[in-house]
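For reference, the structure discussed in these notes is given below.
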Amino acid sequence: MRHHLRPRRTVIAAVCLATAAALGLTACGTEKKGGSADKGGAAAAKEPFAGLSGGEIAEKALEATSGASSLRVKGEVTDEASGLLRMDLALDTKGTCAGTMGTAEEGSIELIIPGGTAYMKYDEKFLRAQSKGEPAADVQAAVDMMANRWVRTKVTNADAKEVAGFCDLDSLLGEFKDTGSAARRGGTTTVDGTPAIKLTERDGKDTYTIYVATKGKPYLLKVDKTGGGKPESLAFTDYDKPVKATAPTGDVLDLDKLAG
């Protein structure tokens, strides 16, 4: 049997693509871009982003977010091939990354990338989903050897390349640049204790609600999607904080040595 696992698009690359689509959502609105805020004078001065339209606020949020050195993204998005994708990942512009991602149907993977080596832990469902079509004995051998056990390999290895690519925050935040927005501004609220303004934008049957911080830098805090399919939500936190990516110790299987 082969002694390594090469994740298929359905759990790894699909997460990247679905997340990128969600992050770039402000470019897909169908409403006309609104003008400046209605209220003027003293009342407008007290408002967050006084005098700015929803689209202009969204653009400020995208600019601030694309300049972050690190962040954490957590939530659920839908991919046509895999269903509801769940993720909780902290990553930075140096390629450091730690967290989990996966689906209810195809299992999950935990990963830590502190540098040039990727550490991954697959659950049994993930291993079986990735091994469909292979001889039953080979599938069981892979499960026995790797399920719920840390494995490691170089980030340049095929087993980790897609994961490592996603953990490059520069690439992820590239989706934020050079976009236009048709968002409409709404009321103020809080997201996990952070003051925020709520923006809404429509794309066909889907409605996106965008929450932008009104205190400090105008970071994107949360995106919710309702309408055409299952509700989706992504939260963005821990901006510019160091990513905790400590390499696991103990029983760690070295896939590079195993492959010879």
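Any residue at all in the stretch 14-28 that's at pLDDT below 50, over 14 Å from the mean Cα position of the chain (by Cα) and open to solvent by 30 Å² or more (accessible area, probe 1.4 Å)? Taking every residue of the stretch 14-28 in turn, at least one turns out to be at pLDDT below 50, over 14 Å from the mean Cα position of the chain (by Cα) and open to solvent by 30 Å² or more (accessible area, probe 1.4 Å).
Look at (1) at pLDDT 90 or above; (2) part of a loop (DSSP other than H, G, I, E, B); (3) hydrophobic (A, V, I, L, M, F, W, C) and you find that Ala81 fails only one, number (1). For the stretch 216-249, the set of residues classified as in contact (Cβ under 8 Å) with a residue 60 or more places away in the chain, within 30 Å of Asn148 (Cβ to Cβ) and open to solvent by 70 Å² or more (accessible area, probe 1.4 Å) consists of Lys230, Lys241, Pro242, Lys244, Thr246, listed by residue number.
Is it fair to say Lys161 is closer than 30 Å to Gly67 by Cα and either polar (S, T, N, Q) or in a helix (DSSP H, G or I) (or both)? It would help to see each step written out before you state the result.
Working: closer than 30 Å to Gly67 by Cα: yes; either polar (S, T, N, Q) or in a helix (DSSP H, G or I) (or both): yes.
Against the criterion (closer than 30 Å to Gly67 by Cα and either polar (S, T, N, Q) or in a helix (DSSP H, G or I) (or both)), Lys161 qualifies.
Are any of the residues in the stretch 184-207 open to solvent by 70 Å² or more (accessible area, probe 1.4 Å) and among the acidic types (Asp, Glu)? Outline the logic, then answer.
Keep residues of the stretch 184-207 that are open to solvent by 70 Å² or more (accessible area, probe 1.4 Å), which gives 184, 188, 190, 192, 198, 202, 205.
Still in the running and among the acidic types (Asp, Glu): 192.
Yes, the stretch 184-207 contains a residue that is open to solvent by 70 Å² or more (accessible area, probe 1.4 Å) and among the acidic types (Asp, Glu).
Residue by residue, here is whether (1) over 30 Å from Gly99 (Cα atoms); (2) at pLDDT 50 or above holds:
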residue	(1), (2)
Glu31	yes, no
Gly34	yes, no
Gly40	yes, no
Ala43	yes, no
Glu47	yes, yes
Ala50	yes, yes
Gly54	yes, yes
Ala68	no, yes
Val73	no, yes
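The values are calculated or read from the model by the stated rules, or taken from the named source; none is laboratory data. Since this is a predicted model, take the numbers as computed values, not measurements. Glycine also receives a Cβ, built like all others from the backbone with ideal geometry; neighbour counts cover every protein chain displayed. Just the protein is used for accessible areas: all its heavy atoms, side chains included, with ligands, DNA and RNA removed. Shrake-Rupley method; radii C 1.70, N 1.55, O 1.52, S 1.80 Å.
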